[in-house]
Amino acid sequence: MGPDIKDQGSFYALRPGSWRSYLNLLHLPYTLWNVSYVAIGWSLAPEAHWSRLGLACLGFFLAVGISAHALDELKGRPLKSGIPAPVLVFLAMASLAGAAALGVYGVMVTTPWLLAFIATGGFFVVSYNLELAGGKFHNIFWFSLAWGAFPTLTGYFVNAESLDLAAATAAGAAFALSAAQRMLSTPSRYLRRRVVAVRGAVEEGRGVQARLTKEGMLRPVERALMGLSVFVTLLAGALLLAKA
């Protein structure tokens with residue numbers, strides 16, 4: 001029997017406690033989704049610098065998978081992980097520093113223009129997840145820009161050392177898909193983290209009624225999110241295989 005729905009901060013989370021809390025902190029489906037954008041952008045460039053792909057994906061895993069999610073948990077405790085605040089701060093700072101160090105190494109083997117991407121990525125991680133400026137950067141636009149368009153552009157740039165219409169078009173597609181992700185994940189988080197119970201019914205034709213439940217409302221939304229995360233990951237894999 002799985003964990004009760006009220007005990008989970010997200011549909012893929014394990015029951016909090018011990019090592020499970022640290023695994024939950026990675027938000028693996030969403031982290032893979034984000035890193036897949038890097039791979040998609042990289043694969044669209046005419047070059048094929050495989051070592052740069054590895055460094056870029058590792059950098060985004062550190063910056064988003066660990067640092068951004070540690071800051072998110074520090075800010076509002078959405079996962080109810082129980083991880084001490086000093087540990088979350090350490091994880092956030094160490095992983096962001098590691099991502100920056102990889103970026104600086106990337107500058108040495110590519111172009112100084114990569115510094116602009118490093119600075120922008122750091123800004124996104126801190127401003128979005130700590131909801132700086134009164135949450136001005138914590139909305140659907142900034143989410144789609146930071147976690148969709150930006151990793152796609154970065155992946156392309158580290159491979160080609162330039163941007164073009166193909167990169168911009170792919171970034172636009174990633175922006176739109178990330179917006180869809182945010183529009184689905186927002187009601188999912190609301191139902192899981194704030195709603196205690198749902199009461200009521202949907203009336204169909206001829207007076208037939210279907211009872212509304214919290215689980216029933218969550219199921220199609222979260223299945224769509226999981227399906228999209230698998231789609232983006234497999235798409236990235238297919239593009240990389242075609243590039244090999």
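All of the numbers you see were taken from the coordinates with simple rules; none came from a lab. Note that this is a predicted model, so its numbers are computed, not measured. Note that we place each Cβ from the backbone using ideal geometry, even for glycine, and neighbour counts take in every protein chain shown.
Each of Ser67, Ser144 was scored by other Cβ atoms within 10 Å of its Cβ. Listed from fewest to most, they are Ser144, Ser67.
With only Lys, Arg, Asp and Glu charged, each at its Cβ (+1 for the first two, -1 for the last two), find how big the charge dipole of the chain is about the Cα centre; round to the nearest 20 debye. Here the chain has a charge dipole of around 900 debye. Treating r as the C-beta distance of Ala210 and Ala176 and R0 as 25 Å, the FRET efficiency rounds to 0.20. For segment 1-101, a/c is not less than 1.5, where a ≥ b ≥ c are the root eigenvalues of the C-alpha gyration tensor, and a/b does not top b/c. That puts it in the oblate class.
Of all stretches in the chain that contain no GluC sites (Glu not before Pro) in a DSSP loop with at most 14 other Cβ atoms within 10 Å, the longest one is 48-203. Per residue, the convex hull spanned by the Cα atoms of the chain measures out at 154 cubic angstrom. Taking the longest Cα principal axis of the chain as reference, the axis of helix 214-243 is set at about 20 degrees.
Of all segments of the chain bounded by trypsin sites (Lys or Arg not before Pro) found in a DSSP loop with no more than 12 other C-beta atoms within 10 Å, the longest spans 1-135. Taking one quarter of the surface of the C-alpha convex hull of segment 81-225 gives a mean projected area of 12.6 nm². Going by neighbour counts of Cβ atoms within 10 Å, the residues Ser43, Ser127 line up, fewest first, as Ser127, Ser43. Taking every C-alpha pair closer than 8 Å and separated by at least 6 residues, the mean separation divided by the residue count of the chain gives a relative contact order of 26 percent.
Name the residue farthest towards the positive end of the dipole of the chain from the options Ala70, Leu88, Gly205, assuming +1 on Cβ of Lys and Arg, -1 on Cβ of Asp and Glu, about the Cα centre. The residue sitting most towards the positive pole is Gly205. Between the residues Met183, Leu240, Ala116, the greatest Cα displacement towards the positive end of the dipole of segment 5-243, with unit charges on the Cβ of Lys, Arg, Asp and Glu, is found for Met183.
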